[in-house]
Structures are given as C-alpha cells and as structure tokens.
1. Out of T775, T761, T755, I need the residue that is more than 15 Å from F737 (Cα to Cα), more than 19 Å from the chain's Cα centre (by Cα) and of a type in the set (S, T, Y). Which one?
2. Of all strands (runs of 3 or more DSSP E) completely enclosed by the range 37-146, which ones contain at least 1 residues that are touching a residue at least 12 places away in the same chain (Cβ under 8 Å) and closer than 25 Å to V197 by Cβ?
3. Name the pairs whose Cβ atoms lie under 9 Å apart, with the first residue in the range 644-661 and under 20 Å from F707 (Cβ atoms), the second assigned to a helix (DSSP H, G or I) and of a type in the set (K, R), and 6 or more positions between them or separate chains?
4. Residues of the range 193-205 being on the phi < 0 side of the Ramachandran plot and either modelled with pLDDT of 90 or more or buried (at least 18 other Cβ atoms within 10 Å of the Cβ) (or both), which ones?
5. Please state which one of G733, G716, G682, G743 is in contact with a Gly (Cβ under 6 Å, 6 or more places away or on another chain) and modelled with pLDDT under 85.
6. Tell me yes or no: at least one residue of the range 354-373 is over 30 Å from R679 (Cα atoms), among the aliphatic types (A, V, I, L, M) and surrounded by fewer than 16 Cβ atoms within 10 Å (Cβ to Cβ).
7. Cβ-Cβ below 6 Å, separation at least six or inter-chain, first residue in the range 386-411 and outside any strand (DSSP E or B), second surrounded by 16 or more Cβ atoms within 10 Å (Cβ to Cβ) and of a type in the set (S, T, Y): which pairs?
8. Can you give me the number of residues within the range 174-202 that are out of contact with any Ser or Thr (no Cβ under 8 Å at 6 or more places or on another chain) and part of a loop (DSSP other than H, G, I, E, B)?
Amino acid sequence: MNKYIFAILFTVISTAALAQIPGSQPKYSLPKSTLPADSLSYLEPKDFIIGGITITGTKSLDKDVLLTISKLNKGDHINLPGEANANVIKNMYSQGLFEDVQLNITKIVLDTIYLEIAVTELPRLSRLHLTGIRKGEIDDVQKKLSDKTYKIVNSNLISTTTAIIKKHFNEKGFLNTTVTIKQRKDPGDANSVILDVAIDKHSKVMISEVVFEGNKDFSQKKLKGYLSKTRTRKFYNIFGSKKFKQDKYDEDKLNLVTKMQGKGYRDAEIVKDTVYKTGPNTVGVKIKVFEGHKYYFGNIKWSGNAKYSSDILNKILKIKKGDVFSEEELNKRLTGPTPANDDISSFYLNDGYLTYNADPVQTKIYNDTVDMDLRVYEGPQYTINRVILKGNDVTNDKVVMREIRTKPGQKFNKELLIRSTREIGQLGNFDEQKTEPKPTNINPQDGTVDIVYNVVEKPSDQIELSGGFGGGQLVGTLGLTFNNFSLRNIFNLKAYKPLPKGDGQKLSLRGQSSGHTYQNFSFTFSEPWLGGKKPIYFALSAYTQLSSTGDYYAKSNPLYNKLRINGIGVTLGKKLNWPDNYFQLNYSLNFDHYNLDNYTGYLFSNGTSYNIKLTQELSRNSVDAPIYPTSGSNIKFTVQATPPYSLFNNINYKIATPEQRYHFVEYYKFKYDAQWFTRITGKLVLMSQVRFGFLGQYNTEVGPSPFERFKLGGDGMQSYQFLQGSEIIGLRGYQNFSIVPEGTNYTENTNPGSTIYNKYTMELRHPVIQGQSATIFLLAFAEGGNVWNSFNKFDPFNVKRSVGVGARIFLPIFGLLGLDYGYGFDAIPGIPAANKGQFHFSISQSLNGGFN
C-alpha cells in the first residue's frame, strides 16, 4: 500500500503548491516505476541521489533551459516524498509556458532515483483576426499589437491584448468598447492558434455635465473654462472636445489646479473627482476642489545678479509687491517664453548669457503674503564660434547661410536665433515645423558655442494642371513654378533634376487657353539676392494675352471683337534696416500695350493704349510662418503712377476722341493692405485684414483711367476672366465682379471696375494637419467691402457684408487650394443672384501671409 500512499500524497502536495498559481490546472499520473511495497513512505521519507533527469513533450523550448528552471541537477540529493517534488512543478508552471506539467519516477536503483519531467506546451499565437471595426482602424490596432505574434497564448496575453485594444478606443472616446477573444487551431501549424478578436466600439461617450464642489471664489463657469479638453455638448464648443478621454481629462485636472494657483490661490488642489454614468453613452464629471486663501507677492529680493542691477531686473520682471501671487506667471517672467519675448531669460540670452538660470525661492509666508528671493545664475557671456548647417540636400549652403543672422564672432542671441529660423522657413524650401537650431559644443572655459541648424528639405516646386468651364467656353491651364531654381547651372546638364536647383531663385511659367477665344501666357523670374552678396531683390516678368468672344477671323461678323495685351516689367528691391529689419522697399517699372478692336468692357472699344507705370511698394512682413501664420503682421503701402502726359502732349481733351484720350494712359494709384495674425488660444488664430485702394487722375478733363481699376466680388481668382488692366479683389458670398457702385447699371459682365474700394475681413483659423506633406486648416470668416467712383460718395462703413466657412489645403506640388462657402447679406441691384449662398474655389492664394 505504501506506493499508493506515496502517489496520493505526492498529488496532494503538488496540488496544494500549484493552487497558489492562478489559472494552473495541472494533470498528474501515478509514477511509472513499480516500487517495492515498503520502499517509500510519506511518514518515513528517504534521501535519494538523482541519477538522471529527462525532459519530454517539448516542441519549441530548450530542454537545458527547462532543466535549469526545474532546479534539479544530476547528483543532487533529494528527499522523497517531500516538498521538492511539488516545488519542481511550481517552478515550471510559474513560467506561464505550459498547459500541463508532470513529474514521474522512472526508476529507483538502491539510493539512486531517475526522474522524468513531462510537459505539454501552451500554443503560440500565429496571427490575430480582428473583426467589428473598419480597415483603417484594424491597421492601427494591428500596429499596437504587432509584438504579440509568436508569443505563448496564455491568460496574460489575452488580458494585455484586451487592455491595449480598449485603451486605444477609450482614447478616442469609445469608453464602452467590448472585446471578445476566442482561440482556434491554426491549420498550418499544430502548435499555434489564431485569436479571433471581436471588437464592438459602441457609441462614443459624451460629457453631459461637469459639476464643481467646494468652490467659493471661483464660479462654475470660470472653472469649466479651465477644462479646455473636457467640455459638455454645447453648440458653441467648436474646437473643445465633447468626448470623454481619460488622458485629456487628466491633463485638464493639472491645468485646472495650475490656473487656480495662477490666480493667487497657492494652496488650491483637487480633493476628489468622480466620473459617473448619466446615460448609456454619456458621463458626468464631478470635481471637488479646495481653494484655500488668496495670496499676494511680498518683498522681492534678487541674488547673484552681477551684470544687471535689481532695479533693471524688476522693470523687466513686471511683478511688484502687492500683485496677486502666481508661480506660473513668475516662472514665465523669469524663464519664458512670453509672447513678446520680454522676460528675464530672453533679456540675458539676447546678451550672450547662454547658461542663465533662475531659482525662485519662497523665503517667508505670512498671512496672505509670500516673500521671494530670486536667485540668478548668470554664467559667462558666450560668443558664437561656428555656424553649422545640416540637412540641406538640394539647396546650396549659401542660400540658407545668407538668411541666418547668427554669425561667428557675435555674442549669442536668442532673438536672432528665432529670427533665423523664421527666415529659413520663409524660403519655402524647408519644413518649418522641423527646422531646429541647437547650441552645441558649449565651452565655459573660453566662452564659445557652436550653433547647428538642422533643416529638412521639402518639395517646393508646384504644378497647376486644370480645366474649367465658364463664360460658355472650356479653359485649360498649365502652370509650372520652380521655387528653388538655379540659373547659373542652366547649361550644366548634370544639374537637371528635372531643372537645375539649389540657388533659391524662382521661375514660373503659366499658360491658359480655350482655343481662339482666350489665350494667356506668362513668364516670371526672380532672384532674391542679385549678385549673391546683398539682399537686392530682382524680378523680370513678361506676358501676352488674347481675349475674344467672337470670330475675330471674320471682321464682317457683327460679334467680331478682340483684345490683345502685351506686357513686360522689371523689379528691384532691397531689405531695409530702418525702421526695423522687417521692412522692404521695391521699385517696379512696367510697360503694358493694349490693342482693342470692337472690344467692350472698358471706357472705349477701339484703339491702342500704352501704360507705362512706376510702382513703389513699402512693405513690412513679420509673420512667423508662410503657410499657417500664428503671429506677426504683413503690411504693404503701394504708390503707382504714370507720367502726366496731359501736361505736355498739347491734346485738347474737351474734343478728343476716346482713342486719343487713352492712347497714353495717365493716373496715380494708392493701395494699403494690412494683415494681423493673433493667437487666441492653442492653435486657434485670428486673422484681421484691412484693404483700401484709390485710383486718381491728374486732369479732370482726361477723366479716370479705363485700366487699373478695382473689381470686387467672388473668389478673387485671376482666372481666364482676368485682364491685366483690372485688379481683382475677392469678396466671398457674392458673384465675381458683382459689386458695383450704387446708382450704376453695370452687371458683373459689363462692369469696367471702380476707382475706390475698401474691404475688411475677420477670419478664425484652426489647423487640422500641419506637416511636410500637407497643411490643412479650417476657417470661419466675416467680411465686408464696397466700391465707389468718387470720394463724395465714399463711405467706409457702407459695405456689402458676408459670413461663411471654408478650408485651405497646402500641398507642396500644387500650392494652396481653397474652398469657401459664403453667404452675402446685401442684395445687388440688377443682379438678383449675386448674393446669398455662394461656393468659391481658389488656387495658390494667401501664401506668405498674402492678400485675397
């Protein structure tokens, strides 16, 4: 009976040990050896020497490793029956690799025992089969679970897989996601299984209410405003999330405490918070806060400041005794960044103190007052040793280096570092989001530092290939713009990729045609650094245009009409250092030749006109990015004039024919265009714009010029309807060119343009995607504008109003594409369909903070 007693006790002891391992359900068999009846007794265990150990049942695991895990070694002494046999099975099961483990005695020879460890491995995962979600979502989840393949399928793998999937969808607002996992054998591998994972996201969980408790000085509305990413479903929460996301909620709780402390409540904290269900797909949030007392700054003392006196630092700090205590504001004033870069840190860093640091210490807290000791470490003043450029694989070094304002030998300057980053972005050849200036090789012994500018090239060439139908004809457009052209390599065949690149020049070729009725071909070349040594801007442009609405090959045709315009222009410009170095002054000389043959739409229909004009443009562009500006402004003031021919050509304009009157066009013209970009919160930006134009005359007997007038309304596109003699101003919510002076009977097709216009725009912008491959942002706008033909009737507040929404998509190869829907509130007499709902499409507008 002894051998059966041993087997029973062996099983009981092993089961008791394995009961400590969750999920373990071992199977046991009696020892294979047939032992003498009195050879083993649990009451009288014996010592044995292990004569050998065999591992059976393995398929993919290393037997030597398993033997090590068992902690049994040949030659070791073992006391049986006892705890040793149970520990072996416990050690094996603890690895989570086996479905079954058995310890068998194969033979006993005197005091030597031979053992067998028989295992059944758990299957491995060959693949996951996800169902219940879209293909794109499957791809996203598979990426997060890619490390699970070929791992042992056990309870841990099942639970972690479920947790990862639920977390993925919880972050997207699907808090009720359920995951069901079933196993099935892989027909291609006997020791592998396929996990069928059924996912049900259910509906997104929305926030129905947010309630605060314990607040006395802070209102419910004020505290809710601090939760920028945890908001209830309200129609005005356009950009704030209405879905409950745990990670965003955790961020908001930290922000809530920071904002309360920033208002002087130094001891503010969240005592308790609860998220509770208010419906099948809604939750409520309850937050209990402790406000504490409101504190104020007391005495402010400076320590360690040798370069600048405490009085100077106090003026820059802009915090004085009696101000509401705010650690957030104090740290911002000490270490930045502040919107105007007028903090203490910028003050030191702009003067070369690269290793500046400040440690604000609260030295005394009494009643509602906090005394501060602001301990400053100035360090040495650093000089730039080298400026290094990395990542410009296409653009030549000199093109980038000439825009960099941090030069070797200068003191380190944070402001110039930021300005250099902006100038590199303005080139348009690099991803401004990835341009990274970095101080390196900081040497405090000799006070030198190297500056490395890491840039990432992006496609900058653009192609326009489109077709459109309008005015009863089909118009095709082909445009090519090379923004990083190299003229000096024009004869170097090895540099063609497909054209020579790298010198930052711009070459633009564009053609439009509808056959015989409309043709427009233009060429533009510009060089921002003429001669390569100074920022002298040079541009050369030429165009030819033909427009006709009749058969111009048959003059007997009563519909016969033709307009031919040829033009050439040259521009020279220079960057200025006064009033500041954001200013630029450009001069342009243009020659336009008009040949009208029975062509209506101007103040005369037959004859030849010459327009020789000199233009001066003073501009200041300080926007921080060319595609999606968030700060800065773009202001232009333009004066354009022709020679006053009527003063010396001896023509009697009282009796002159229109052909004589407009043979040499004379006028002067003023334009003012301004944009301001202001960050409201986060990435939400307000663009404000004002535009004004006036076309004047030297001689009242000559009258206003038939050319260079303003046409207002529509998308502002300079498409096939555009003639070089008119300036197109967009006003969304109205048809193209439909805004005409009150009292006139013009239509959008017969409108010759006006001599005065103004326009105002307010536009809220928010990005959807910002990256090298694409930039997409949404916008909501309100704008108004109007036109007049005399200052006697000019009223800057009498405007045609509109509101709407839109989107802009910037693709490097196509430029900026825009789609807007505008609603015009004001009817246009004689043009019933001019206002109300209008869709507008635009191409390549508003780059570099441009005007539309």
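The values are calculated or read from the model by the stated rules, or taken from the named source; none is laboratory data. Quantities reported herein were computed from a predicted structural model and do not represent experimental measurements. Heads up, the Cβs are rebuilt from the backbone with ideal geometry, glycines too, and the neighbour counts pull from every protein chain shown.
1. Unique residue meeting the criteria: T761.
2. Details: elements: 46-56, 77-80, 98-109, 112-121, 124-131.
Per the criteria, 98-109, 112-121, 124-131.
3. The qualifying pairs are I651/R661; Y653/R661.
4. Within the range 193-205, the subset on the phi < 0 side of the Ramachandran plot is 193-201, 203-205.
Of everything in the range 193-205, those that are on the phi < 0 side of the Ramachandran plot and either modelled with pLDDT of 90 or more or buried (at least 18 other Cβ atoms within 10 Å of the Cβ) (or both) turn out to be V193, I194, L195, D196, V197, A198, I199, D200, K201, V205.
5. On the way: G733 fails: modelled with pLDDT under 85; G682 fails: in contact with a Gly (Cβ under 6 Å, 6 or more places away or on another chain); G743 fails: in contact with a Gly (Cβ under 6 Å, 6 or more places away or on another chain).
On inspection, the qualifying residue turns out to be G716.
6. Initially, the range 354-373 is screened for residues over 30 Å from R679 (Cα atoms), giving 361-373.
Subset that is among the aliphatic types (A, V, I, L, M): 361, 365, 370, 372.
This time we only want the ones that are surrounded by fewer than 16 Cβ atoms within 10 Å (Cβ to Cβ), so: 361, 365.
Yes: one or more hits.
7. The qualifying pairs are I404/S420; R405/S420; T406/S420.
8. 3
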